[in-house]
Amino acid sequence: MLWAAVGAVVASAAWAAGVFLVGGKGDSADLRGYSAPSDMCSSADYSSFKGEYTENDSSPTHTSLKDKALDESYCSLGLKKSGSSYADAYLSIQLDLHRKTDPGPEFTATWKNYGDSHTGYDVDPVEGIGDEAYMVSQDTTKGSSSGSRYATLAVRDGWVTYTMSYSSYLSSYDEDKDPPVLTDVTGWLKTDAKATLDRLRK
């Protein structure tokens, strides 16, 4: 009986050591030094858009979450051209620090394959931002007096995910003006995402 008990203790210790050695490091959240601010609207950089949209949103919406499993910061704001009473376009920004689970596989499945589950969207990989990033865009204004232009840059850096989304509508613009072309918008998103992510690292 004694040897059986000793054997059980040794086996248990070996199992615990195996879990620690094999799973411990891999299970640690790889947050790359990022922190989630309480007010993303004042922390994010979206200066590239201010050449087109010169008026500030006086009441942007921001929320935050602090939890053992997830830290999250979110901002939604209206973009207004000079003289506009209402928003001409919209920008939303979200940062998630995944503390318990690696978001990598689901992030890739969601954004790399976005065009498979959403008709009419273009999906392009983006180099030089995080571990992986995708630009998702759609333009429904061609040959129409209505429609919208939409673009989202989704970034994963370790266990941190970040999205920055822009949308504009022809109905919000003067008849003789159009929203910025998507090539301009996607460039602004890349520039501002890099600046924001740099700013949010400790």
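Would segment 65-74 turn up any residue that is basic (Lys, Arg) and more than 25 Å from Arg201 (Cβ to Cβ)?
There is no residue in segment 65-74 that is basic (Lys, Arg) and more than 25 Å from Arg201 (Cβ to Cβ).
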Checklist entry - Looking at Ser64, Ser76, which is the one that is in the same structural domain as Leu182 (by TED's automatic domain parsing), under 19 Å from Ser47 (Cα atoms), hydroxyl-bearing (Ser, Thr, Tyr) and in contact with a Pro (Cβ under 9 Å, 6 or more places away or on another chain)? => result Ser76
Next on the checklist: Checking the structure you have, find out if any residue of segment 111-133 is crowded, with 17+ Cβ neighbours inside 10 Å, touching a residue at least 12 places away in the same chain (Cβ under 8 Å) and at positive phi.
Outcome noted: yes
Next on the checklist: Suppose the filter is under 25 Å from the mean Cα position of the chain (by Cα), in a loop (DSSP other than H, G, I, E, B) and at pLDDT 50 or above; does Ser28 pass it?
Outcome noted: yes
Checklist entry - Assuming Glu52 fulfils every condition listed in (1) under 22 Å from Lys194 (Cβ atoms); (2) surrounded by 15 or more Cβ atoms within 10 Å (Cβ to Cβ); (3) at pLDDT 95 or above apart from one, which condition is it? => result (3)
Item to check | Test for Lys100: is it among the basic types (Lys, Arg), at pLDDT 95 or above and surrounded by fewer than 17 Cβ atoms within 10 Å (Cβ to Cβ) | outcome: yes
Item to check | Any chance Thr161 is of a type in the set (Ser, Thr, Tyr), in a loop (DSSP other than H, G, I, E, B), touching a Leu at 6+ places or on another chain (Cβ under 8 Å) and crowded, with 17+ Cβ neighbours inside 10 Å | outcome: no
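The values are calculated or read from the model by the stated rules, or taken from the named source; none is laboratory data. Quick caveat, the model's predicted, so the values are computed rather than measured. Every residue, glycine as well, gets a Cβ built from its backbone with ideal geometry; the counts of neighbours run over all protein chains shown.
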